[in-house]
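Asker: My questions all concern the structure below.
Read the figures in this text as sums done on the coordinates, not as results from a lab. Remember, it's a predicted structure, so these values are computed and weren't measured experimentally. Cβ coordinates were reconstructed from backbone atoms using ideal geometry, including for glycine residues, and neighbour counts include every protein chain displayed.
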Amino acid sequence: RANLKKANLREAYLWKANLENADLNDANLELADLRGATLAGADLRDSQLASANLGYANLT
């Protein structure tokens, strides 16, 4: 389980990244490219996702 709590991933290119069960609590993902990423079970509490590209992302 990746610990990315409070990480600054603003404008990060995370296309098809496997972030399953990752701890992204309070992470900054604004404008991040998460197309096709796997976020199933990820902790996104208090994360900033404004304008993040979640096209085809797996959130289940």
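Asker: How much FRET efficiency would the formula 1/(1 + (r/R0)^6) give for ASP26 and THR60, where r is the Cβ-Cβ distance and R0 is 30 Å, rounded to 0.05?
Answerer: 0.85
Asker: Cα centroids of the stretch 1-28 and the stretch 39-54: how far apart, whole angstrom?
Answerer: 8
Asker: So how long is each side of the chain along the principal axes, counting just the alpha-carbon atoms, biggest first, in Å?
Answerer: Between the extreme Cα coordinates on each principal axis of the chain lie 23, 20, 14 Å.
Asker: Given Cα pairs under 8 Å that are at least 6 residues apart, what percent is the relative contact order of the chain?
Answerer: It comes to 33 percent, rounded to a whole number.
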